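Enquirer: Pasting a structure below so you can have a look.
The values are calculated or read from the model by the stated rules, or taken from the named source; none is laboratory data. Bear in mind the structure is a predicted one, so any value in this text is a computation, not a measurement. Counting neighbours? That spans all protein chains shown, and the Cβs are built from the backbone with ideal geometry, glycine included.
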Amino acid sequence: MPSRSARRRLGVLALAAGTALVLPAVAVGAGITLDRVPSPPQAITPGQAEQIQHSISYTSNPISRLLEVRAPTGLVQLSQSTDLTGQPSPANASTAFTPGVGGPVGRYQVSLQFFSNAAGRTIPESTATTIFDVAAALGNLQLIKFEDVNGDGRRDAADSGLPSWNFNLTNPSGNPSSAATGTEGSVLLSNVPAGTWNVAEVPEPGWVPVTPSSGSVLVPAGGTGTFQVGNVRPAPLSGTVWIDQNRNQQIDVGEIGAGGIKLELTGRTGTGQSVTGTTFSAARGTYEFPGLLPGRYQVKVAKPGGFSLTTAQVISNIPITSGTPSPNHNFGIVQGGPPTRITGTPPPDLDIDKRGPATRRRNVPFDFTIRVSNTSRFIARQVVLIDPVPDSMVLVRRPSRARVENGVLRWNLGTIRAGRSKTVRMRVRILPGVPAGRKVNTAIVTAQGVPPETDRAIVRVTDPPRPPRSGGVTG
């Protein structure tokens, strides 16, 4: 299967390989290449020439080639036969075909047949076909693809374009083609047939559209029609229900999880859809609501009989952003009634600051620095910092004190006292094949009783400078 970068190339010469006839060890076979410019989804208008370049490679005895162009009606518009007797391989040629003004519009087919001598008779050894489009008027079609970080169905400043995303296209004549976005998540297709196009993104695993993923686009003659799609990566919300024996609202060494506890999820996605869900904690007390679209959620724990809660029963206003897990939403329970004296204190305030270089070239290691600060007068407990490594990057080495699970870094920072902070670093490099443009890396910090806080660093991948030109100018 071709690479994504090869699949997104537009306006290039297209190849249509023929199939050699099966003959009794007489003809060895020929390779035929047909190139045409422009190629769909681009088109030409009546009276404008279509350039057809063709090449035949062979080891048999050549006789002739026959080039034919058929209109959408099936009628042959051009039939050109060329004698190849005695001509060495390869046989190259270029033919200009101009559809007549007032002639049919739509998809034209080009065929090229190669005839050779096999045991004293002429045989059609190999055939290749290709196509091009003719339209009454031309315009431009723009395709835009972006990651909708907050899932609100609109492209905001923080929403990065998604490169190499494929779209299936159907032009106003009902003929199919395809295109792919470039490095900034968009592509402008010039000189395409004017009229109503049908456009549909090609789904990719792990992504969900939050705007319509298919629809109609009007391309005006001499103007531009635009189709834009926003996608998100669903992410999980998770935590633990545990037996808080000393009622201090943090999971201490030796304290165990509580399995079989019911948890209820409610919330709304960024586009306003209502979400509800129910799950039960596993044997170790862990629970997870997977595959949540960006939005804001709350989790409520069902207090089992004979137990009381040492933490709040409901954790509210939990943000989920595209592709970023939200862990550490924990609930403490203990046997018996509530304590006679409330030992809880107001929740602390945490601040997260993630920084990296403004620009970086591929395959050159660099550091992200993440600082977590407690800006309140209260102790922050069970502080956890996570950072999913983007697909465009790879870790150079595992950071100190961090765990790596499925491409996600996790630091258990423990307790941060009032006015204190903790700093970690992660060394990464941009993968060699990553397109130039903005790359976003997001870190998220959670703590007991504190809603998650996030910060992101944006690094622009740059191409190396071009070598200086040498030589003088004459004339």
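Enquirer: Any idea which residue in region 374-400 is surrounded by the fewest Cβ atoms within 10 Å (Cβ to Cβ), counting only those that are hydroxyl-bearing (Ser, Thr, Tyr) and more than 32 Å from the chain's Cα centre (by Cα)?
Expert: Thr375
Enquirer: For region 184-199, enumerate the residues that are surrounded by 16 or more Cβ atoms within 10 Å (Cβ to Cβ) and of a type outside the set (Ser, Thr, Tyr).
Expert: Glu184, Gly185, Val187, Leu189, Asn191, Val192, Pro193, Ala194, Gly195, Trp197, Asn198, Val199 - these are the residues of region 184-199 that are surrounded by 16 or more Cβ atoms within 10 Å (Cβ to Cβ) and of a type outside the set (Ser, Thr, Tyr).
Enquirer: Going by the structure shown, is Gly407 in contact with a helix residue (DSSP H, G or I) (Cβ under 9 Å, 6 or more places away or on another chain) and either modelled with pLDDT under 90 or closer than 28 Å to Val314 by Cβ (or both)?
Expert: no
Enquirer: Taking strands (runs of 3 or more DSSP E) that do not extend beyond region 78-175, which have at least 1 residues that are of a type in the set (Ser, Thr, Tyr)?
Expert: In region 78-175, the matching strands (runs of 3 or more DSSP E) lie at 91-97, 106-118, 121-134, 166-170.
Enquirer: Assuming Gly103 fulfils every condition listed in (1) under 19 Å from Pro212 (Cβ atoms); (2) in the same structural domain as Thr82 (by TED's automatic domain parsing) apart from one, which condition is it?
Expert: Result: Gly103 passes all but (1).
Enquirer: Only residues in region 428-439 that are more than 15 Å from Ile458 (Cβ to Cβ) count as the first member; pair them with residues that are crowded, with 20+ Cβ neighbours inside 10 Å and among the β-branched types (Val, Ile, Thr), Cβ under 9 angstrom, at least 6 apart or cross-chain, and list the lot.
Expert: none
Enquirer: Looking at (1) free of Cβ contacts under 8 Å to residues at least 12 places away in the same chain; (2) under 26 Å from Thr73 (Cβ atoms), can you tell me which one Trp197 breaks?
Expert: Checking Trp197 against (1) free of Cβ contacts under 8 Å to residues at least 12 places away in the same chain; (2) under 26 Å from Thr73 (Cβ atoms), the one that fails is (1).
Enquirer: Sort out which residues of region 205-247 are under 21 Å from Ser326 (Cβ atoms) and within 16 Å of the chain's Cα centre (by Cα), and write them in order of number.
Expert: Scanning region 205-247 gives Gly206, Trp207, Val208, Val210, Gly230, Asn231, Val232, Arg233, Pro234, Ala235.
Enquirer: Considering only region 390-469, give the strands (runs of 3 or more DSSP E) lying wholly within it that have at least 3 residues that are closer than 22 Å to Pro236 by Cβ and outside the structural domain of Ile315 (by TED's automatic domain parsing).
Expert: Qualifying strands (runs of 3 or more DSSP E): 402-405, 408-416, 437-447, 450-462.
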